[in-house]
Amino acid sequence: MASDDLKGRDLIVTQEWSKEDLLKVLELAVKMKANRFGYTHVLKDRTFFMFFYNPSVRTRQSFECAATELGGHAQFLEPKSMRLKTKTTAGETVEDAARVMSRYACGLGIRILEDKVTKYGEGDELIREYARWADIPVVSMAHDKFHPCQGLADVMGWIEWLGPKGKFEPEVLKGKKLLVVWGHGALARSWCSVQEAILIGSRFGMNVTVAAPEGYDLDPDVLAAARKNCESQGASLEVTHSQMEAYRGAHIVYSRNWMSPDAYRDGEFHKQEEIEKAMKHTDWICDASKMALTDNAIFTHPMPIDRGHEVTDEVASGPRSSIYDVAENRLHVQKAVMALTMGNL
Amino acid sequence: MASDDLKGRDLIVTQEWSKEDLLKVLELAVKMKANRFGYTHVLKDRTFFMFFYNPSVRTRQSFECAATELGGHAQFLEPKSMRLKTKTTAGETVEDAARVMSRYACGLGIRILEDKVTKYGEGDELIREYARWADIPVVSMAHDKFHPCQGLADVMGWIEWLGPKGKFEPEVLKGKKLLVVWGHGALARSWCSVQEAILIGSRFGMNVTVAAPEGYDLDPDVLAAARKNCESQGASLEVTHSQMEAYRGAHIVYSRNWMSPDAYRDGEFHKQEEIEKAMKHTDWICDASKMALTDNAIFTHPMPIDRGHEVTDEVASGPRSSIYDVAENRLHVQKAVMALTMGNL
Amino acid sequence: MASDDLKGRDLIVTQEWSKEDLLKVLELAVKMKANRFGYTHVLKDRTFFMFFYNPSVRTRQSFECAATELGGHAQFLEPKSMRLKTKTTAGETVEDAARVMSRYACGLGIRILEDKVTKYGEGDELIREYARWADIPVVSMAHDKFHPCQGLADVMGWIEWLGPKGKFEPEVLKGKKLLVVWGHGALARSWCSVQEAILIGSRFGMNVTVAAPEGYDLDPDVLAAARKNCESQGASLEVTHSQMEAYRGAHIVYSRNWMSPDAYRDGEFHKQEEIEKAMKHTDWICDASKMALTDNAIFTHPMPIDRGHEVTDEVASGPRSSIYDVAENRLHVQKAVMALTMGNL
């Protein structure tokens, strides 16, 4: 395929891109990591809009940095200062906003989750509404359902850690065991990162185990899609409440807090209630004794980490922690996604 | 004239620039539209300061994008985070702020209107105070009285729509009928955009009709200036309360809400009261039946549009709607203004 | 020494840099002032992070402008939108934040003072905690103890004003009298700028006099360090409550408000109380009659100035006022610091 295949494409979830296209992103990201300032013509003097319904550290820093390193500029926009139409206030429609932005920018990133939605799936709908009207690519910068750039950074990091040094061999993930395990904590996090990890991990042929206390089921549609991914790769998906069993033989441990399916009720996000509920499960923490059950697993997390709750310092800062490399990869995969969908390659 | 004629000039209202200078801006804007990334040396590594007393979508996006496409950078500054001296608080004087900024930046844009002023004209005074002390050009990014960049984008779009395809002939506006008509709505908008449209339309020889319900007079000084503009061009200015009559024979329909002269009283902006008053005039909306009275008029609006109040979806999204082209032109005229007043051309 | 000596170095206070290194910064700043856009390759497409715990005018504008003029980009980040761990809330540790940022950016600036600390020294500790974990240079953009870039801009301006025209001779400061005098005012300012001025002034061999009403002592450790600086240069440090005597023979008058040592008590910043206390000392203002006691001194101030309190308009806008030149120098010294510590020179 020609290098402009992906030009104009939206990225809302990796599941909607072919494996071939995901590999294309990863391969370019690897090249960009090796030659960090060799791609500054790609978005030269172009503008990328970032819409932050929710604030963020990593995502803001890495996207703005990505645009800069491609020679362009990312505008940091907060919709609270936009006069957008809502059910109760006059303002601009998404149609009008998206069609005008398409005249100015080469791409649009949107972040919406947690307290900025009133029910699970609402953020996904809004992003798709922008994508419907925009003539430019729309990229999720994390929303209530998915976090595709995190997923790409995850697998890039896992391949680097598990594969041969200095080579990038995606097949190394095939048949490996990925444990996505719930951690307690005081942040009531959205499902986007873990769901994306489960989906993309299963695309790469991993055996995926999801472990959580009772009452912390994820989106059944996502799990069904992941199960299909696994089947087509000859791998398996397992969902369990038995934590210790789940750690056994794992190659990658992804310990992360997430909210329960009850978090959104009556059009509200019951954050405090979620935190109180989660904080009771003090045994759901990734520590050295559990890591000892694995097959010398690496520890992974999309950060920011809630140390002492999701994971102990010993593991998070230990020799098998991939967290900073995965975080760095956010920059590289986002540069690659922007280059392939919006850029002059 | 040489190309550096406009170097150093402020742009607070188009009325203070000669017709020749306005044409110079439009001609450069047309060239820049055709060769969008051909001017990236003009503000290379220069800084443009944007002061947003009021938030904005279009203006922020288009100015920041304009600076980027000229090779420079626009800093997004919110005076609320500045320690500026006011009547009641200690802080920095405009003199000090403007003189220091002149050492850092190549130009300064200011937006101040609506709830950030306590009476009509106060924003205009503040911009002129900055312009008095700054050694760099000061550009209005919309203030309580005028919105010069919107006016330039308007006429650019009207000329494109009414003139021959592929040619830019400003004379096409001569003798055409411009209807500026009040629309109801829930936003209590400032007079800046419509006043600028009336002024610049009359400079280009248009017959201008202003239609509004009783109680919605605009600034009499602005109307007097527009009347003089018309007279010198052999055109006419009409002000009426009769909506239907006003639509007849129009070539351009500009339907837009604006606040009444009573909006500022006792040092306050009575927004809620204005909205309630305006929302009673439900018949003041631009719709297909009214457009049928015109001479196949185009619809124009500075956006964001309050759909369902100022105009129906049918007209706003119809085949004669110029709104997205006019919005796009904000980018091009602002690049041209910045290039001519601040740049290395 | 080679030009990369300073690569990777933090700048938290000028006192921790050798005199040679400070001169290296000043010499490069002078070159950059003369050839303002001749260094745009230095941070080409690199990202500098600015962390503003406290808002700022000059610092934001000058740092962001500096990065732009070096070909790079400064990201404006407000920690309030970061989910950082605090004593009472879950969130990210400084270790994690700093280590990830080191993967994205070439440098990190931090501003923290006034109401964002609960006791004097806390901001200094936080900056040093970031510096401990970051692999990239950390620069103070003003914190509760020091303001190194202001100090560098100060001496650069003083040398320009007191030395021969067109030449940059730092030795001109040797033996000159620097008066740092408290001014009343309604801003309850931190000690960072005046302490930095006292330290760097004494490094350059000036006789420093600090004058303030009783109850406005500065940090005794800083004064002790300055005294040592003076001794090693054959100069003197004097601390007095006698204002008029202090002006006599001064070559540089630095009149500025600062808070008392009682401002932080019980973990709180008692701003209103400080303002009321300070506003009683109405005789502590720099005016023409006091300037007449000096040896034709220049007036200096880090801005923003609280006119009418710290200094009269007559002096601040008079022919011996160096304020705008010093403010401009912020840009040049910061470009030089960034170039030497983070850049490709």
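The values are calculated or read from the model by the stated rules, or taken from the named source; none is laboratory data. Just so it is clear, the model here is predicted, and its values are computed rather than measured. Note that we place each Cβ from the backbone using ideal geometry, even for glycine, and neighbour counts take in every protein chain shown.
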Out of the residues in the stretch B:225-236 that are in contact (Cβ under 8 Å) with a residue 24 or more places away in the chain and surrounded by fewer than 15 Cβ atoms within 10 Å (Cβ to Cβ), state the one that is nearest to B:Arg307 (Cα to Cα). B:Ser236
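The rows are residues; the columns are (1) in a loop (DSSP other than H, G, I, E, B); (2) within 13 Å of chain C (Cβ to nearest Cβ); (3) of a type in the set (A, V, I, L, M); (4) touching a Cys at 6+ places or on another chain (Cβ under 7 Å).
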position: A:Ser255; (1), (2), (3), (4): no, no, no, yes
position: A:Ser260; (1), (2), (3), (4): yes, no, no, no
position: A:Glu274; (1), (2), (3), (4): no, yes, no, no
position: A:Trp284; (1), (2), (3), (4): yes, no, no, no
position: A:Met303; (1), (2), (3), (4): yes, yes, yes, no
position: A:Glu314; (1), (2), (3), (4): no, no, no, no
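I need the full set of residues from the stretch A:244-253 which are surrounded by fewer than 21 Cβ atoms within 10 Å (Cβ to Cβ) and assigned to a helix (DSSP H, G or I), in order please.
Residues satisfying the conditions are A:Met244, A:Glu245.
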C:Glu169 vs (1) in contact with a Pro (Cβ under 6 Å, 6 or more places away or on another chain); (2) more than 24 Å from C:Met303 (Cβ to Cβ); (3) not basic (Lys, Arg): all pass except (1)
Residue that is in the same structural domain as C:Lys280 (by TED's automatic domain parsing), surrounded by 24 or more Cβ atoms within 10 Å (Cβ to Cβ) and modelled with pLDDT under 95, where the choices are C:Gly185, C:Gly201: C:Gly185
One residue is enough: does the stretch B:134-154 have a residue meeting the conditions of a type in the set (Lys, Arg), modelled with pLDDT of 95 or more and closer than 30 Å to B:Glu95 by Cα? yes
Do we have B:Ala288 as buried (at least 23 other Cβ atoms within 10 Å of the Cβ), more than 14 Å from chain A (Cβ to nearest Cβ) and of a type in the set (Gly, Ala, Ser) here? no
Residue satisfying all of: in the stretch C:286-301; assigned to a helix (DSSP H, G or I) and of a type in the set (A, V, I, L, M); farthest from the chain's Cα centre (by Cα) among these: C:Ala288
Which residue out of A:Val172, A:Val239, A:Val222 is within 16 Å of the chain's Cα centre (by Cα) and either in contact (Cβ under 8 Å) with a residue 40 or more places away in the chain or surrounded by fewer than 22 Cβ atoms within 10 Å (Cβ to Cβ) (or both)? A:Val222
Candidates C:Gly175, C:Gly109, filtered to the one that is of a type outside the set (Val, Ile, Thr) and not in a strand (DSSP E or B): C:Gly175
Subset of the stretch B:94-152 that is among the hydroxyl-bearing types (Ser, Thr, Tyr) and in contact with a Gly (Cβ under 8 Å, 6 or more places away or on another chain) - its residue that is surrounded by the fewest Cβ atoms within 10 Å (Cβ to Cβ): B:Thr118
Taking the condition of being in contact with a helix residue (DSSP H, G or I) (Cβ under 9 Å, 6 or more places away or on another chain) and not in a loop (DSSP other than H, G, I, E, B), how many residues in the stretch B:123-146 meet it? 13
Would you point out the residue of the stretch C:39-72, among those that are at the interface with chain B (Cβ under 7 Å from one of its Cβ atoms) and in contact (Cβ under 8 Å) with a residue 24 or more places away in the chain, that is nearest to C:Asp10 (Cα to Cα)? C:Ser62
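Every residue, every condition in (1) closer than 22 Å to B:Val194 by Cβ; (2) touching a Cys at 6+ places or on another chain (Cβ under 8 Å), yes or no:
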| residue | (1), (2) |
| --- | --- |
| B:Leu6 | no, no |
| B:Arg36 | no, no |
| B:Phe49 | no, no |
| B:Arg58 | yes, no |
| B:Gln75 | no, yes |
| B:Glu78 | no, no |
